[in-house]
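Contents: one structure, followed by commentary.
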Amino acid sequence: MDADRSRQSPLAAADPNSSSSMPKPDPHPYERLTPDVIIAAVESLGRDSDRRILALSSYENRVYQVGMEQGAPVIVKFYRPGRWSDASIHEEHGFALELAAAEVPVVPPLVRDGRTLFEYEGFRFALFERRGGRWPELGSATEREWMGRFLGRIHMVGRRQKFRHRERIDIARMGEQSCEFLLANGWIPAHLEDAYDTLTRDLLDAIHESFDSASGVAQLRLHGDCHRGNVLWTDEGPHFVDLDDCVMGPAIQDLWMLLSGNRRDMAEQLSQLLEGYTQFADFDHRELVLVESLRTLRMIHYSAWLARRWADPAFPAAFPWFVEPRYWENQVLSLREQLGAIAEGPLDLR
């Protein structure tokens, strides 16, 4: 993770009068995705649009609600060019359809002539039914047990086979490569580079030890990004509308992001989630040691994700604080806290 300290740092943009202090954005991959292209893509599948388009919140991909002349609007998702292979998208779709067939509440892609992935003018896209809902509060034991049952059913299906083309929860990809990218490309402010480099080295050593202690736990197909913002709740319970980040990994990956508060709070919440989860799937308690390591990998990987996407104009507009030194100062403080959290060991569910 040694960095070339002579390079131009992207964070020099702290000077708002400097036009040369930030890297020049490349043309973003969606510049040709105009409203006319969106409508034409949907209509290429034989569906007549009423030309009403509503952009939905999404940064990695582009997602729109498109009105139909007949029937309910549809959701169209345009995959970020160059991110996933066709094979990996087919595995995402196949997993969603498998879950739906098992009556697990997810929203699978619509199938037309045996296909779920389509292309129009270089953009790969899929259609989905529109489903509503609200973000879950998960403020009661009843809601957590319900969410646990939902995840247990997903993992029961996820254990049936493995992904062959999707990514997996991996220290090298999420941690080591992310740190190397941030340091090598000047994203860490100069006054924090040494601290960040040393700290992340120590963290990655601790994470490797945690994963070694959990060696042999089952790897299964997961949602992969299971925080409350990715779950919609109705009177009938929770459902996912997107499996874009589905991966191979340990079951705890889909549980830890639903936890909050201090260690005692998180232990209580996880116990309640597992009360529902274990009605459908077994849980290996050796995975508990991974909670803070997985949280740390997500924090590091998230920063690298923002940096890698910075040429897309949607990212500077949505995350302007990312280039402020204060973000990185807080990041170093949070990562130091994570080093202590990992050292405390697994949550006690007794």
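The values are calculated or read from the model by the stated rules, or taken from the named source; none is laboratory data. Remember, predicted model here, so these are calculated numbers, not experimental data. Counting neighbours? That spans all protein chains shown, and the Cβs are built from the backbone with ideal geometry, glycine included.
Structure values in brief
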| read-out | value |
| --- | --- |
| Some residue of region 246-258 being among the aromatic types (Phe, Trp, Tyr), at pLDDT below 95 and either buried (at least 17 other Cβ atoms within 10 Å of the Cβ) or part of a strand (DSSP E or B) (or both) | no |
| Criterion (farther than 25 Å from Gly340 by Cβ and among the basic types (Lys, Arg)) met by exactly one of Arg228, Arg264 | Arg228 |
| Residue that is under 23 Å from Ala218 (Cα atoms), among the charged types (D, E, K, R), outside any loop (DSSP other than H, G, I, E, B) and modelled with pLDDT of 95 or more, where the choices are Arg153, Arg166 | Arg153 |
| The lone exception for Ser215 - which of (1) closer than 22 Å to Glu60 by Cα; (2) polar (S, T, N, Q); (3) without any contact (Cβ under 8 Å) to a residue 40 or more places away in the chain it fails | (1) |
| Subset of region 76-99 (residues that are without any contact (Cβ under 8 Å) to a residue 60 or more places away in the chain, out of contact with any strand residue (DSSP E or B) (no Cβ under 6 Å at 6 or more places or on another chain) and of a type in the set (A, V, I, L, M, F, W, C)) | Trp84, Ile89, Leu97 |
| Residue within region 125-133 that is touching a Lys or Arg at 6+ places or on another chain (Cβ under 7 Å), hydrophobic (A, V, I, L, M, F, W, C), in a loop (DSSP other than H, G, I, E, B) and under 27 Å from Pro29 (Cβ atoms) present | no |
| Total residues in region 59-114, condition within 21 Å of the chain's Cα centre (by Cα) and on the phi > 0 side of the Ramachandran plot | 1 |
| Residue check for Ala317: free of Cβ contacts under 8 Å to residues at least 60 places away in the same chain, surrounded by fewer than 16 Cβ atoms within 10 Å (Cβ to Cβ) and out of contact with any strand residue (DSSP E or B) (no Cβ under 9 Å at 6 or more places or on another chain) | yes |
| Top-ranked residue in region 136-145 [being part of a loop (DSSP other than H, G, I, E, B) and surrounded by 13 or more Cβ atoms within 10 Å (Cβ to Cβ); ranked as nearest to the chain's Cα centre (by Cα)] | Pro136 |
| From the options Trp310, Trp328, Trp305, residue that is buried (at least 19 other Cβ atoms within 10 Å of the Cβ), outside any loop (DSSP other than H, G, I, E, B) and not assigned by TED's automatic domain parsing to the domain that holds Pro108 | Trp328 |
| Per-region count, region 260-301, residues farther than 30 Å from Arg160 by Cβ and either assigned by TED's automatic domain parsing to the domain that holds Asn61 or free of Cβ contacts under 8 Å to residues at least 24 places away in the same chain (or both) | 6 |
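So that you can scan it fast, the table gives a plain yes or no per residue for (1) of a type in the set (D, E, K, R); (2) part of a helix (DSSP H, G or I):
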position: Arg160; (1), (2): yes, no
position: Gly175; (1), (2): no, yes
position: Trp187; (1), (2): no, no
position: Ile207; (1), (2): no, yes
